[in-house]
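Here the structure is laid out as structure tokens; the discussion comes afterwards.
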Amino acid sequence: MITLIKNGLKIGVDETNGAILVSQEGSRHSYQTVAADSEYSVSNARLEDDKILFDVSRPEKKQGEVQLGEAVPDAQTLVHACFEIENEEVLCAKLTMSSNARFKKPFNYPPAFDVQKGDTHIIPYNEGIALDADDPNADVLLYGDHKMNVCQFSVMAMWGLLRENRSGPYLLCACDTNYDAGVNFSRDDDGYFRARPYFEPQKSFWGYDRVLRFVVSDEGSVTAMCKNYRKFAEKRGFVRTLKEKAKAVPNVDKMIGAADVWLFNDDAMYKLYNKDAKYTPPTAEQYKKRRDIADDMEKRGIKRVMWSIFDENVDRETVDYIKDKGYLTTVYDVFTDVIQHPIASLMTETRYKRCEPRLAYWPNGIAITENGCLMTAWQLMGKDGNYYYQSRMCDQMCVECAKERIPALNSKINVDGWFLDVVYNFSYECYSPEHPMTRRDSLYYKGQLEKFIEDSGLICGTEIGREDGVPYCVYNEGMLSINEWRSNQAGRRMCELYYGDEIGKTITSYMLNPAYRLPLWELVYHDCMISYWYWGDSHNCCPELMPKRDLFCNLYGVPALFSFNAANYEKLADSIETSYKNTSPLAQELGYEQMTGFEYLSEDYKVQKTQFSNGTCVYVNFSDKAFTLENGEVIAANDKLVTRK
């Protein structure tokens with residue numbers, strides 16, 4: 001192995017099998033990858049000017065195996081690698097890979113870091129999860145392919161390992177060039193899960209330098225890991241705080257601590273998902289019911305609310321009524337999904353009406369795949385009971401559509417914010433000659449869409465979101481709700497309530513299990529974006545579990561999201577009031593603060609502590625037994641303790 005030691009950090013490359021090494025001098029731990037896959041060869045390895053230089057190559061498919069319309073790869077992909085020690089703001093090992101190659105399938109290098117008993121994977125899957133490398137449930141808990149250019153599976157371009165049962169030692173892996181990158185988690189024959197990074201082509205070519213950074217330490221655990229990653233994020237321009245956003249849009253201040261309320265009319269799900277549904281605008285009685293519910297919330301002392309509107313028919317009188325209470329109003333919108341004209345007659349009138357503002361963008365504004373097809377999007381139920389794919393509008397064209405739609409519509413409805421559905425669910429290449437895009441371009445135009453909303457004086461929210469959208473987005477919905485652990489069809493059951501045996505195992509065993517959850521996102525971006533649960537995994541979707549969700553909100557310093565239909569409000573009202581009062585005041589107190597620390601206080605991970613930049617500490621005991629802190633203070637079972645400076 002060729003090695004280099006500098007500033008107390010040691011790196012190495014095994015020229016025989018492609019493994020790489022990162023370790024601290026004098027550390028009890030070193031981090032070395034497994035050997036590269038057999039089809040990868042390392043050559044020309046040498047130490048030069050305090051850098052380890054080497055080549056990595058892989059043979060590619062023959063021309064006859066390439067599908068019609070796809071680019072022909074080179075005979076081999078040859079990548080020039082530079083492994084060096086960098087000591088700017090963070091001492092780290094930096095791996096840069098460059099190439100002129102044309103290739104097709106993902107390039108799986110470097111290999112996975114090896115793991116051992118007591119190792120835990122740290123994964124930015126939505127809010128974040130901690131998954132022991134030998135967890136027998138990992139195949140159920142984790143979707144394997146985590147692309148770094150979409151929301152959900154990797155909301156941040158990083159992953160890591162904790163050693164010694166989640167105590168001090170850690171390895172942070174950060175990707176500066178996440179546009180065409182991902183990590184694949186898979187179980188090997190020895191029973192351990194490992195994380196394998198990969199890089200995809202940019203329109204069939206390597207395209208640009210791909211950069212990974214590795215940080216190791218024996219101390220600090222996940223807190224130090226995230227502090228270091230935040231420094232990388234700052235360098236990339238992702239860190240823009242809520243205080244800064246409030247200067248651009250003053251209403252952001254009203255968002256701090258605000259509960260997110262989705263109130264659906266009682267026929268909303270029927271109109272959306274029943275093939276026989278007839279289109280009817282909301283009635284005067286339905287608008288009155290919405291105002292009555294707002295009145296009741298106000299009487300109950302629910303003072304900070306973001307009133308989210310789903311219906312395409314927005315009543316200005318009701319909006320003004322809600323705003324007069326000091327509540328914020330925001331409207332749901334989606335720019336990515338367009339009904340294909342040939343199937344428009346098969347859609348219910350409700351679905352057609354909801355898509356009407358985007359219909360003019362089919363087909364010329366639709367993203368084109370590499371083989372020349374229109375890109376598909378979310379399926380809708382037709383009048384025949386079958387589901388049909390929509391087309392996906394190119395992100396470039398989404399910005400154009402928004403500039404036409406938002407100012408004109410808001411001059412009529414006068415809401416305070418715009419919620420963008422599915423915007424970060426996919427980043428993709430577009431091969432249209434009129435509006436071509438790389439995945440990097442796709443992420444750029446998504447950001448431009450959010451910037452336009454901010455420039456319009458509106459609060460911008462997105463479904464889940466990811467760090468590329470942090471500069472202009474104020475809040476996200478779904479960051480707290482791990483995708484694979486939600487109830488079945490949560491995206492189509494926004495106001496479903498589950499009781500007793502109806503509550504799925506994924507909710508009780510995983511979603512609300514503190515041993516699996518981790519405030520990874522909050523440790524990096526708490527003071528930059530407000531995070532909520534998902535509407536199909538709302539605070540109230542399992543009413544008997546609302547107290548437990550209160551505790552997660554307390555620990556993370558975030559408010560609640562309530563999603564329900566008008567008919568269910570009365571039976572939920574007391575619980576909503578309780579949860580609001582349990583969560584929003586603390587979330588308001590902490591909303592502008594950076595989360596500066598996270599600790600496990602018990603061996604079973606059920607007692608946890610977070611710390612914030614104003615000195616506030618939140619201790620939560622998720623167990624069924626009281627827990628005594630080192631200073632003698634007792635946290636009751638299933639309760640919290642808040643200390644302030």
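The values are calculated or read from the model by the stated rules, or taken from the named source; none is laboratory data. Small disclaimer: the values here were computed from a predicted structure and weren't measured. Glycine gets a Cβ as well: all are built from the backbone with ideal geometry, and neighbour counts include every protein chain shown. Heads up: the accessible areas ignore ligands, DNA and RNA and are worked out on the full protein's heavy atoms, side chains in. Shrake-Rupley method; radii C 1.70, N 1.55, O 1.52, S 1.80 Å.
Within the accessible surface of the range 512-585, defined with a 1.4 Å probe on protein heavy atoms only, the carbon and sulfur portion equals 47 percent. What separates the Cα centres of the range 1-65 and the range 521-579 is a distance of 46 Å.
The alpha carbon gyration tensor of the range 129-199 gives principal lengths a ≥ b ≥ c with a/c of 1.5 or higher and a/b no greater than b/c, which makes the shape oblate. Ellipticity at 222 nm from helices only: DSSP H runs of n ≥ 4 in the chain, each -39500 (n - 2.57), divided by the residue count, give -6500 deg cm²/dmol.
Classify the range 505-592 as rounded, prolate or oblate from the Cα gyration tensor: take a ≥ b ≥ c as the square roots of its eigenvalues, call it rounded if a/c is under 1.5, otherwise prolate when a/b beats b/c and oblate if not. Taking the square roots of the gyration eigenvalues as a ≥ b ≥ c, the range 505-592 is oblate.
Among the protein heavy atoms of the range 249-306, carbon and sulfur supply 51% of the accessible surface, probe 1.4 Å, non-protein parts ignored.
Here the range 441-488 exposes an accessible surface that is 37 percent carbon and sulfur, computed with a 1.4 Å probe and the other protein chains kept in place. Sequentially through the range 414-424, phi angles give Karplus couplings (6.51, -1.76, 1.60; θ = phi - 60°) of 6, 8, 9, x, 10, 9, 9, 7, 6, 4, 9 Hz, Gly and Pro residues having no value and appearing as x. Solvent exposure of the range 533-628 amounts to 33 Å² per residue of accessible area, where only protein heavy atoms count and the probe is 1.4 Å.
Between Glu25 and Asn488, full extension at 0.36 nm per residue minus the direct alpha carbon distance yields a gain of 161.8 nm.
A protection proxy built from the mean count of other Cβ atoms within 10 Å ranks the segments 629-639, 370-380, 95-105, most packed first, as 95-105, 370-380, 629-639. Using a/c under 1.5 as the rounded threshold, could you call the range 178-318 rounded, prolate or oblate? The axes a ≥ b ≥ c are square roots of the C-alpha gyration tensor eigenvalues, and prolate needs a/b larger than b/c, oblate otherwise. Prolate, because a/c is 1.5 or more and a/b exceeds b/c. The convex hull defined by the C-alpha atoms of the range 1-132 has an orientation-averaged projected area of 11.1 nm². Solvent-accessible area per residue in the range 293-378 equals 41 Å², computed with a 1.4 angstrom probe and all protein chains kept.
Of the peptides 499-510, 202-213, the order by per-residue mean of other Cβ atoms within 10 Å, starting with the highest, comes out as 202-213, 499-510. Across the range 530-632, the mean sequence separation of Cα contacts (distance under 8 Å, 6 or more residues apart), normalised by length, yields a relative contact order of 23 percent. Accessible surface calculations at 1.4 Å, restricted to protein heavy atoms, place the range 140-259 at 31 Å² per residue. Rg and Dmax, both from the Cα atoms of the chain and both in Å, are 25.2, 77.
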